[in-house]
Each structure stands twice: as C-alpha cells, then as structure tokens.
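The values are calculated or read from the model by the stated rules, or taken from the named source; none is laboratory data. Since the structure is predicted, the reported quantities are computational estimates derived from the model, not experimental observations. Here the Cβ positions follow ideal geometry from the backbone for every residue, glycine too, while neighbour counts run over all protein chains shown. Just so you know, the surface numbers come from the protein's heavy atoms only, side chains and all, with ligands and any DNA or RNA stripped out. Shrake-Rupley method; radii C 1.70, N 1.55, O 1.52, S 1.80 Å.
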Amino acid sequence: MFTRILTSALFAGAAAGLITALLQLYFVQPVLLHAELYEGGDLVHFGSSSTVSAHQDVSGFEAVRDGLSVVFTMLVYSGYAMVLVALMSQAEERGATINGRTGLMWGVAGFVAVHFAPGFSLAPEVPGVAAADVGDRQIWWFATVLTATLAMWLIAFGKSWTAWGAAAILLLAPHVIGAPEPAVFTGPVPTEIGAHFAARAFGVGMVAWVLLGCLAGYFWQREGTGSANGQAA
Amino acid sequence: MNAQATTVSQSHSKAGFGIAVFAALIGLAIVSITGHVQASTLHDAAHDVRHATGFPCH
C-alpha cells in the first residue's frame, strides 16, 4: 500500500507541480519581479508627482533561478500529494469513492485548506511588503492549515450538525484570533502590484490544487486496479 | 464474514492507517523543508515559489 501511495503521489505531484510552475512563471513571476524593482529601490512611486510608468520590462527567463523554481514547485506539490493520497486511502477504506472525478472535489477542498484559508488573513505576500516575524507567521500558517484540513474532512465526511458546527468553528477560529501583523506599514511596493500578486497567486494555486486532486484520484484508482489484477493473477 | 476474516481485515486496516500516517508525515516533511525552513541556501533557491505559493517568507 505504501508503494501505491508513493507512486500515485509522485505521478500526480510531479505533473501538477510542473504545470503549476509554468503557470507561475508566466502569470506570477512578472508581478514578483516588478515588485522587486520597488523592494530594491530601483523604482520609487510615492508622491503626487510620481511619473513612474506602470509598465516595466521584467520579461526574460533566468535559467538557474527559474529552473530552481520549477524543481521546488514540483517538490512542494509532491509533498502535498503524499498527504492528499494518504488521506484518500483512509477515506476509501471508510467507503468513499476515489477517482479522477471525485478527486476534483478533493482538490477544491485542498485549495481551501492549504492556500485560501491561511491566505484569507495572511495574503500571499509580494516581496517588499511589511510583515510580522516570519516564525510567528509560520506557526499561525501551520495551525490554520491543520484546523482548515480537519474542518474540510468534517464537512465532507461528518454526518451530524455537531460535526459541521465544529467544522465552522475550526474554519473561523484562526481568523477571529487573528494572524500576526506588522506593527507599522513600511512596504515600498505599490498596492496595485500587491493586490495583483495575491490574486494571481490564488488563481494559480486553485488550478494547481484542482489538477493535483484530479490526478491524485486518477492515479490512485489506476494503481489500485493494477495491483488488484496482479494479486488475482 | 467469519471471525478469522474479520481479524485479518481489521489488522489490514490498522496497518493501512499506519502506512497512511507515515506517508503523510513524509509529505509534510517535504513541504516543510521546501517551503518553510529558513536556512539561507534553501530560502534563496525556493524564494519565488514560497512567495507564489503563499507561504510566509523572509
């Protein structure tokens, strides 16, 4: 069974990660590079007399930097896929149907739990924005992802209002408590770029997770069919 | 289902749970190392991905 989880997760994670990396390089990276011009002080925009053009040439492919981004995106989504497929295996043991089609719903739930829930209070940050201590934000991020994952499981597989009520509390709690925020705003990056970046990060993240869920469900089912045939033979 | 079959199915399910937990922990470790460890080499290599994926960075 471990081989089945590992194989399905690696296929799904590598494929979803590669497509996500390409989408990020095309849609997210130019916004990030644009922000870095402000972060590094090459551009300064504040003041009513600002004449800095909103259109900067930030195109171009940097082999090492972008290559590393592709490798790390594939690694991140393979890691997520290991967790996702492990959860799928347990859901199947309890009677759930796992395939490419139901995997779509798992992907949407994964996006909500891992990307949207923490991002609701801790928006995807463009470089150069003011933020609280990174350690504090990481603790809040992990706690939020954990509670949101539990909540999505309870919503999907709970059978009573107690379970669904607990899910609502788990989803709300981290945001009512509040994410670590900076004491003062010092970011030199225009708010337009920050908003654009957050929207693009969420959009690509959603595509990534829907793909990951669909592929994980598909490969899990396919690997299972193969081993069942193998045992029968 | 007779008693023996029930026992086999239960122990199979328990083993399956353990394996699933093990796999999930490996996945969590991969995400933590690639997305969250602040060692400067890792941070620099994964910088753009961390921002684009919405991880806390810097």
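Key figures for this structure:
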quantity	calculated
Per-selection Kirkwood Rh - the stretch B:15-58 (Cα, Å, 1 d.p.)	11.4 Å
Accessible area expressed per residue, the stretch B:15-58, with surrounding protein chains retained (probe 1.4 Å, Å²)	38 Å²
Helix axis angle, A:29-39 relative to chain A longest principal axis, alpha carbon, degrees	40 degrees
Residues along the stretch A:125-172 losing 50 Å² or more of accessible surface when the other protein chains are present rather than the chain by itself (probe 1.4 Å)	A:Glu125, A:Val134, A:Gln138, A:Trp141, A:Phe142
Largest-first ordering by accessible area, 1.4 Å probe, given options A:Glu181, A:Glu125	A:Glu181, A:Glu125
Percent accessible area from carbon and sulfur atoms, the stretch A:15-161, protein chains only, probe 1.4 Å	67 percent
Accessible area in square angstrom per residue, chain A, 1.4 angstrom probe	51 Å²
Efficiency of FRET from Cβ geometry, A:Leu172 and A:Ala130, R₀ 41 Å, rounded to 0.05	0.95
Those GluC sites (Glu not before Pro) in the stretch A:1-71 that DSSP places in a loop and that have at most 13 other beta carbons within 10 Å	A:Glu62
Percent carbon-and-sulfur accessible area, the stretch B:15-58, ignoring ligands, DNA and RNA, probe 1.4 Å	82 percent
Chain A, relative contact order in percent, only Cα pairs under 8 angstrom and at least six apart counted	39 percent
With 10 Å bins from 0: P(r) over chain A, alpha-carbon pairs, percent	7, 26, 31, 21, 10, 3, 1, 0
Relative packing of peptides A:110-116, B:50-56, A:91-97, A:134-140 - highest average C-beta neighbours within 10 Å first	B:50-56, A:110-116, A:134-140, A:91-97
Accessible area buried at the B-A interface, both sides summed, 1.4 Å probe (Å², nearest 100)	3000 Å²
Residue mean of other protein chain beta carbons inside 10 Å, A:68-76	6
